[in-house]
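Below you'll find the structure, written out as structure tokens, and then a few comments.
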Amino acid sequence: MKKVMPVRSKPKIQEWKAVPLKGSFMVLALLGFFISAFLITDSAWRLAFLLVFTAMFVASIISMTKADIIPDR
């Protein structure tokens, strides 16, 4: 007798949505970028911090342009 394998349904892929971030997140990204660029002397750490703060800044820009508007209550 042949075994019948159960058919698995494909999971539904949800649409990507941007999350609204606070303005202080962008300020922290800018401040951290400039502090890293001018005050950190070790080049490896400087590059690592610059990449992190650049990613934060890009995330805040995406959040500003793509996130849904949340009404004030």
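The single residue among 28, 39, 47, 51 that is of a type in the set (A, V, I, L, M) and in contact with a helix residue (DSSP H, G or I) (Cβ under 8 Å, 6 or more places away or on another chain) turns out to be 28.
Would you say residue 21 is surrounded by 14 or more Cβ atoms within 10 Å (Cβ to Cβ), part of a loop (DSSP other than H, G, I, E, B), of a type in the set (A, V, I, L, M) and touching a helix residue (DSSP H, G or I) at 6+ places or on another chain (Cβ under 7 Å)? Spelling it out, residue 21 is indeed surrounded by 14 or more Cβ atoms within 10 Å (Cβ to Cβ), part of a loop (DSSP other than H, G, I, E, B), of a type in the set (A, V, I, L, M) and touching a helix residue (DSSP H, G or I) at 6+ places or on another chain (Cβ under 7 Å). Could you run through region 41-69 and say how many residues are surrounded by 13 or more Cβ atoms within 10 Å (Cβ to Cβ), without any contact (Cβ under 8 Å) to a residue 12 or more places away in the chain and either in contact with a strand residue (DSSP E or B) (Cβ under 8 Å, 6 or more places away or on another chain) or of a type in the set (S, T, N, Q) (or both)? Counting residues in region 41-69 that are surrounded by 13 or more Cβ atoms within 10 Å (Cβ to Cβ), without any contact (Cβ under 8 Å) to a residue 12 or more places away in the chain and either in contact with a strand residue (DSSP E or B) (Cβ under 8 Å, 6 or more places away or on another chain) or of a type in the set (S, T, N, Q) (or both) gives 0. Evaluation of residue 72 against the conditions (1) exposed (fewer than 13 other Cβ atoms within 10 Å of the Cβ); (2) over 16 Å from the mean Cα position of the chain (by Cα); (3) in contact (Cβ under 8 Å) with a residue 12 or more places away in the chain shows that the sole unmet condition is (3).
Any read-out appearing in this document is the output of simple, stated calculations on the displayed coordinates, not a laboratory observation. For clarity, every value in this text was computed on a predicted model and none was experimentally measured. FYI the Cβ positions are ideal-geometry reconstructions off the backbone, even for glycines, and counts take in every protein chain you see.
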